[in-house]
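Following: one structure in structure tokens, then a few remarks.
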Amino acid sequence: MALLQRRATPRHLTGGKFLPDPKCGVGLTLSGEARPSGFGASRSTGTARSPSPSWAAAAPSASGGGLKPPRLVAERQGRCNQGSPENPHRHRCTQIIPDQAVQVPDDRDFSGFRAECEAAAGWSLTYSRAGLAVWVQLLEPDKSLHRIKCQMECKDVAAETLYDVLHDIEYRKKWDTNVIETFDIGKLTVNADVGYYAWKCPKPLKNRDVITLRSWLPMGTDYIIMNYSVKHPKYPPRKDMVRAVSILTGYWIQGKGATNCALTYLAQVDPKGSLPKWVVNKSSQFLAPKAMKKMYKACLKYPDWKQKHNPHFKPWLFPEQSTLPAVALSELSIQHADSLEHIDESALSETKDDRGEASDEDSVN
């Protein structure tokens, strides 16, 4: 596989270009807080992990359709939202093949993810304002399966800066208030790792967590980070969290000259539960735009902050700086949604007096 042989090339060797999330996560809601008792993983060496932002739980999905974890799916003919009575167009869906071995994504997988980000068919626009847009895609009307896509123009933010912000776990602690805990478990290759991520859900929903395999790759002037859920024997589901499943989540950064860029966030996350309709609406119309705006503001402040905080430490660019232990692929297995407990939260009402979000104006010092 091409990616297994590829080094995480420093930017000075790629014309100043690079890439990352989920930690599928690198993402919108990462930070590194104290681990719960019993979690003995190595602390992160500096890369932020975000398999899914806190609002991603509002985008219900399941392993029966939508985004494709790298080479872990088989195509099947089916009717998605494009196959509704209003539009009887036949659409090709995907379905995860059970019990496949975990694999590190290669160049084909990254190209496929970028194509998914560019696709326009089947998406419904839910928010559009000031260079920021959010879409939701209904995968199967009878099962209320969704995925979410956000696109944002980042003026006065270089692609390299956005990439660093998505990776820098210490900086995320300063600006991201949605993450509960995140840490890296170990590295697979120089540009692939495994990590834990827990995030706050809109109250009164239970908070979620995931274990994801995250990989990143420069593609010319673009950079991609993506992740999908795996199981690690030392990190089973916790009693105080609902273990969610990242079918596939990622970020696509597009350089727009020396000082501007664009970001696309695309996610299909199974929150492992029946969610009320207000969660989906709140996610796409309020939480997602708010999280993207907050990330943009953090990007504007990052260069000055980094100059004062270990400016040369960037293990996501220079893998020789990483101190993470090696993890063998044989230790991991695919996390299937149907193997986890299903939580019915469909009857819960929104908490009016506590939205669980901090102001966009939170300072970063």
Review point. Within 30 Å of Asn191 (Cβ to Cβ), at pLDDT below 90 and aliphatic (A, V, I, L, M), is that true of Leu145?
Key: no
Check your understanding: If we scan segment 161-183, do we find a residue that is at pLDDT 95 or above and in contact with a Ser or Thr (Cβ under 8 Å, 6 or more places away or on another chain)?
Key -> no
**Study point:** Enumeration of residues in segment 208-234 that are at pLDDT 90 or above, touching a helix residue (DSSP H, G or I) at 6+ places or on another chain (Cβ under 8 Å) and of a type in the set (Val, Ile, Thr)
**Key:** Ile224, Ile225
Review point. Quick check, is Ala192 under 20 Å from Val230 (Cα atoms) and surrounded by fewer than 23 Cβ atoms within 10 Å (Cβ to Cβ)?
Key: yes
Review point. Counting only residues that are hydroxyl-bearing (Ser, Thr, Tyr) and within 20 Å of the chain's Cα centre (by Cα), which one in segment 86-125 is modelled with the highest pLDDT?
Key: Ser111
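Return the residues of segment 303-330 that are more than 23 Å from Ser215 (Cβ to Cβ) and not in a loop (DSSP other than H, G, I, E, B); say none if nothing qualifies.
Selection gives Pro303, Asp304, Trp305, Lys306, Gln307.
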Revision key, fill the gap. Picking from Ile180, Ile169, Ile185, the residue that is crowded, with 24+ Cβ neighbours inside 10 Å, farther than 27 Å from Thr259 by Cα and out of contact with any helix residue (DSSP H, G or I) (no Cβ under 7 Å at 6 or more places or on another chain) would be Ile185
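The values are calculated or read from the model by the stated rules, or taken from the named source; none is laboratory data. Note that this is a predicted model, so its numbers are computed, not measured. We place every Cβ from the backbone using ideal geometry, glycine too, and count neighbours over all the protein chains shown.
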